[in-house]
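Each remark here refers to the structure printed beneath this line.
The values are calculated or read from the model by the stated rules, or taken from the named source; none is laboratory data. Given the structure is predicted, the values throughout are model-derived calculations rather than measurements. Cβ placement follows ideal geometry from the backbone for every residue including glycine, while neighbour counts extend to all protein chains displayed. All accessible areas refer to the heavy atoms of the entire protein, side chains included, with ligands and DNA or RNA removed. Shrake-Rupley method; radii C 1.70, N 1.55, O 1.52, S 1.80 Å.
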Amino acid sequence: MVDLSVDCGGLRLANPVMPASGTFSHELADIIDFDRLGALVTKTITPERRLGNPTPRVAEVSGGMLNSIGIPSKGAAQFVAEVIPLYAAFTAPLIVSISANTPDEFAELCRKVTVPGVAAIEVNISCPNLEDDGRAFAMRPHTTLQVMQKLRAATDLPLWAKLTPNTGEIPEVAAAAEAGGADALVVANTILAMSVDIRTRRPTLGKVMGGLSGPAVKPIVLRMAYQCVRSVGIPVIGCGGIMTAEDAVEYLFVGCQAVQVGTATFLHAGAMLDVIDGLEAFCRDAGIERVSEIIGTLSSSAEDGGMVWEAIA
Amino acid sequence: MIEAAVPTQSATPDRMPATEFDAEVLCNDPVNEEYNLMAVSVPERATGAVPGQFFHLLCPQKDALQPFFRRPMSVYRIEPEARRLSFLYKVTGTGTRAMAAMKAGETFNMLGPLGIGFSLPADAAPIVVLARGVGLATMAPLIPFARSRGHRVTAILSARTPDLLMSVDEMRRDGADVLTVTDLQGTSDVEIVEDMLHMLYGKLRLGGVYVCGSNRLMLAAQRVARRLDLFGEVALEQQMACGLGMCFCCVRPFREDDGVVHRRVCREGPVFPLLEAMQW
Ligand SMILES: Cc1cc2nc3c(=O)[nH]c(=O)nc-3n(C[C@H](O)[C@H](O)[C@H](O)COP(=O)(O)O)c2cc1C
Ligand code: FES
């Protein structure tokens, strides 16, 4: 038996595999055994009720998908009263994902979801900050620091900051999230993208632009996870394009403490369980007793410093 | 008063549990210029599907055709003894072209049965089924299902041309009275269809109306159902990703109380109360 447990952002997880926010809900329990997962992560909620974006809300592209679901939300009260209790039946810790358009509303929501049954709060700071011209909080270090400090003051639960891959300053944003009190980073949300249907000349998404996810994003997000691991002391949770256990192993090698699986679940409802089984098999075959032993064991002769242009020249 | 409906299956959580399984293609042939019929051999539990439910098909990625998502496909024929399901599908995009390229003997992955199927009215009341285009595939299994529960069934099938009408003989064999209307013959106007519905109601004391595949037919059915206080259901389509209620990409607007709400076609549907659906 391989020991798959890991310490991650203030929690001890039975294994390092969990769903990505927005690609999971209690309905999946009809099909897979939730007690086998490392953690359960809910779809982002916002303080107010909202309907979400116009359809079409998804489109397929080579090696992945675009989504502009938006955040259809029934608001905090309904979530706390009706959704959180649905997860009481499962052993895996519950992580709730929240978002808001101003730091104060964000902190207020953080307070409201600090309730029994919730093990940690994932703060989706990849969403637009209305006080910064609609730029996502996690686009820049100072807005990241500011919102994280407010969130930190609002709860004693572990805070996981979900970063956006759309920033050009990922190491700095990661460091700011840590300085602001994050207990872990989730790297990352979707990459802003679009596609066009050339028969109709229309964008494929009703909202024109949306987020790219799936296998196509993995090399980019893996690089960002690697950069984050090198710039913070808190655990990094890798999230982007994980379809198989091999993909998860790549993230663990670069130093991620755990992984989230999103789009893959849309293709195979049991994808997360396959990743867990595959991780166990990988360790067993390599004669490794504890999965934590492989974390951050990338062997690299190159000292890559900040000279990115050298690497790509 | 809308007559009490007996659900053909209960809503969550007692629904037939969906599973992922591999299905073997038994045959996959064109039925006309636009549609193909595929029959697959499936595990026993998959044949517990009820009319109106769908399966989420992972079409193989072949050559130039690289469908990424699964494709929802409503079940056209359910044959539990033979452990066989059939799908009648229009070959349009990447997914259905990849599906059309599959040959007998090949296998592919399916998830299902998913969604909420049709309900029948109480007292074995006669029903009428309205279908056009792809809606036909969804409606076809309702006929033997309703017949086996004692309902008299009239099917009104609508198409652009008589050539594109499908399943007329199968539906007759399944015990339906089949009426056909086409654009080419000028018989498919909604006014004509509405008159037919009124006439049928008068003659048979209809207990339910079911519609799929056309916005205009749905609106016609709604007008008739409202006027006659008739129980009705509509099966709707929407693009899907997860098929399980997780992603919220498949929502459509519905009337509820005095407002508009979004419901997921994959989860709260694909079959919905007729009068709550909104035009598209
Ligand atoms: C349909 C869909 C909805 C999503 N909704 C959310 C969300 O509500 N909050 C969030 O933080 N991320 C959301 N994401 C992003 C995922 O959590 C994840 O970061 C991203 O999809 C990359 O992982 P993947 O390649 O494994 O899918 C969503 C992704 C998809 C595909
Ligand atoms: S397809 Fe994902 S919720 Fe319906």
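Between beta-carbons, use under 12 Å as the cut-off and find the net charge around B:Glu24, counting Lys and Arg +1, Asp and Glu -1.
Summing Lys and Arg as +1 and Asp and Glu as -1 gives +1.
Rg/Rh for chain B stands at 0.95; both radii use Cα atoms, and Rh follows the Kirkwood definition.
Pairs of lysines in the protein assembly as shown whose Cα atoms sit within less than 26 Å of one another amount to 20, provided the residues are eight or more positions apart or on different chains. Stick to the Cα atoms of segment B:75-159, pair each with every other, and give me the Kirkwood hydrodynamic radius in Å at one decimal. Final number for the Kirkwood radius of segment B:75-159 is 14.9 Å.
Gyration tensor analysis over the Cα atoms of segment B:240-280 returns equivalent ellipsoid semi-axes of 19, 10, 8 Å (largest first, whole Å). Enclosing the Cα atoms of segment A:215-268 in their convex hull gives a volume equal to 59 cubic angstrom per residue. Relative to the current alpha-carbon distance between B:Glu44 and B:Arg205, full extension at 0.36 nm per residue lengthens the span by 54.2 nm.
Write out the trypsin sites (Lys or Arg not before Pro) in segment B:140-208 meeting two conditions: DSSP loop, and at most 13 other Cβ atoms within 10 Å of their Cβ.
Listed in order of number, the matching sites are B:Arg149, B:Arg205.
In chain A, the portion of solvent-accessible area held by carbon and sulfur atoms comes to 54 percent [1.4 Å probe, whole percent, DNA, RNA and ligands not counted]. A simple rule links phi to the HN-Hα coupling: the Karplus curve 6.51 cos²θ - 1.76 cosθ + 1.60 with θ = phi - 60°, which for segment A:269-274 gives 4, x, 4, 5, 5, 5 Hz, with x for Gly and Pro.
The local environment of B:Arg223, defined by Cβ-Cβ distances under 15 Å, has a net charge of -2 under the rule Lys, Arg +1 and Asp, Glu -1. Spin-label pair B:Arg149-A:Met1: with each label point 7 Å from Cα along the Cα-Cβ axis, the two points sit 4.8 nm from one another.
Here the spin labels are modelled as points 7 Å beyond Cα on the Cα-Cβ line, and at B:Gln185 and B:Phe108 they lie 3.4 nm apart.
Go ahead and estimate [θ] at 222 nm for chain A from helices alone: -39,500 (n - 2.57) per DSSP H run with n ≥ 4, summed, over the residue count, rounded to 500.
The per-residue figure over chain A is -7500 deg cm²/dmol.
Packing, as the average of other Cβ atoms within 10 Å across residues, places the peptides A:159-167, B:117-125 in the order A:159-167, B:117-125, highest first. Couplings 3J(HN,Hα) for segment B:142-147, derived from phi with the Karplus relation 6.51 cos²θ - 1.76 cosθ + 1.60 (θ = phi - 60°), are 5, 5, x, 5, 5, 4 Hz, where x marks Gly and Pro.
Remark: segment B:19-114 carries a charge dipole of roughly 200 debye about the Cα centre, counting +1 on each Lys and Arg Cβ and -1 on each Asp and Glu Cβ.
Suppose the Debye formula is applied to equal point scatterers at every Cα of the protein assembly as shown; what is log10 I(q)/I(0) at q = 0.13 Å⁻¹? Normalising to I(0) and taking log10 leaves -1.31. A Förster radius of 35 Å, combined with the Cβ-Cβ distance separating A:Arg50 from A:Ile198, puts the computed FRET efficiency at roughly 0.65. One quarter of the surface of the convex hull around the alpha-carbon atoms of segment B:155-204 equals 3.5 nm², the direction-averaged projected area.
Once backbone amide H atoms are built at 1.01 Å from N, B:Arg77 has B:Ser86 as its partners under 5 Å, excluding neighbours fewer than 5 places away on the same chain. Defining a contact as two alpha carbons under 8 Å apart and six or more residues distant in sequence, what relative contact order in percent does chain B show? Contact order relative to length: 18 percent.
Per-residue ellipticity at 222 nm from helix content only, as computed over chain B with -39500 (n - 2.57) for each DSSP H run of at least four residues, stands at -5500 deg cm²/dmol. Using alpha carbons only, the radius of gyration of segment B:123-167 set against its Kirkwood radius gives Rg/Rh = 1.02. Rolling a 1.4 Å probe across the protein heavy atoms gives the protein assembly as shown an accessible surface of 41 Å² per residue. Mean projection of the Cα convex hull over all viewing directions, computed for chain A: 16.6 nm². Ordered from longest to shortest, the equivalent ellipsoid semi-axes for segment B:19-114 are 20, 14, 12 Å, each the square root of 5 times a Cα gyration tensor eigenvalue. Short to long, the 5 Å bins of the Cα pair-distance histogram for segment B:112-189 hold 3, 15, 26, 22, 16, 11, 5, 1 percent of all pairs.
Taken one residue at a time, the phi angles of segment A:14-25 give Karplus couplings (6.51, -1.76, 1.60, θ = phi - 60°) of 5, 7, x, 10, 8, x, 8, 4, x, 10, 8, 7 Hz. Gly and Pro are set to x.
Summarising the amide proton neighbourhood of B:Ile116: residues at separation of 5 or more, or on other chains, whose placed amide H is nearer than 5 Å comprise B:Gly269, B:Val271.
The three principal axes of the C-alpha atoms in segment A:189-312 carry coordinate ranges of 55, 40, 23 Å, sorted with the longest axis first. With a Förster radius of 22 Å applied to the beta-carbon distance between A:Ile220 and B:Gln239, the computed FRET efficiency rounds to 0.25. Selection among A:Val261, A:Pro203, A:Ile220 by position relative to the dipole of segment A:191-263 gives A:Pro203 as farthest towards the positive end (Cβ unit charges, Cα centre). Count Lys and Arg as plus one, Asp and Glu as minus one, and take only other residues whose Cβ is under 15 Å from that of A:Val217; the net charge is then 0. Computed on the Cα atoms alone, the convex hull of segment B:127-276 gives a volume of 119 cubic angstrom per residue. Segment A:2-59 and segment B:234-254 have Cα centres separated by 19 Å. For A:Cys8, nonlocal amide neighbours, meaning residues 5 or more places apart or on other chains whose placed amide H falls under 5 Å from its own, are A:Leu13.
Would you work out the relative contact order for segment B:19-114, in percent, from Cα pairs under 8 angstrom that are 6 or more residues apart?
Values: 218 pairs, mean separation 39.6, N = 96.
RCO, segment B:19-114: 41 percent.
Normalising by residue count, segment A:1-134 has a Cα convex hull of 151 Å³ per residue. The modelled label-to-label distance between B:Asp123 and B:Leu219, using points 7 Å beyond Cα along the C-beta direction, is 3.3 nm.
Working note: Cα atoms of segment A:103-243, range along each principal axis, descending, whole Å: 53, 31, 31.
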